[in-house]
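A quick write-up on the structure given underneath.
The values are calculated or read from the model by the stated rules, or taken from the named source; none is laboratory data. Note that this is a predicted model, so its numbers are computed, not measured. Note: areas computed on protein heavy atoms with side chains; ligands, DNA, RNA excluded. Shrake-Rupley method; radii C 1.70, N 1.55, O 1.52, S 1.80 Å.
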Amino acid sequence: MRLSLLGISISLFGIALILTSSGTATALGLGVSFIGLIVSLISCFLRDSN
């Protein structure tokens with residue numbers, strides 16, 4: 001559960017970066033959101049395997 005919440009918070013941080021920045025920082029925000037998505041997906045698969 002904690003890993004899933006970590007992924008969600010990373011995704012929200014990336015979305016906040018996108019909303020508050022312009023230029024190349026937008027790509028950074030997309031990257032951070034993607035990493036959060038990957039962390040959330042990994043936590044779902046780990047929870048299903050247990």
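Data table
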read-out: Enclosed volume per residue, in Å³, of the convex hull spanned by Cα atoms of the chain; value: 38 Å³
read-out: J(HN,Hα) series, the stretch 25-37, from Karplus relation 6.51 cos²θ - 1.76 cosθ + 1.60, nearest Hz, glycine and proline x; value: 5, 5, 5, 5, x, 5, x, 5, 5, 5, 4, x, 5
read-out: Ellipticity estimate at 222 nm from DSSP helix runs (n ≥ 4, -39,500 (n - 2.57)) divided over the chain, nearest 500; value: -31500 deg cm²/dmol
read-out: Accessible area per residue, Å², the chain with all protein chains present, probe 1.4 Å; value: 74 Å²
read-out: Of all accessible heavy-atom area on the chain, the percent that carbon and sulfur account for (1.4 Å); value: 76 percent
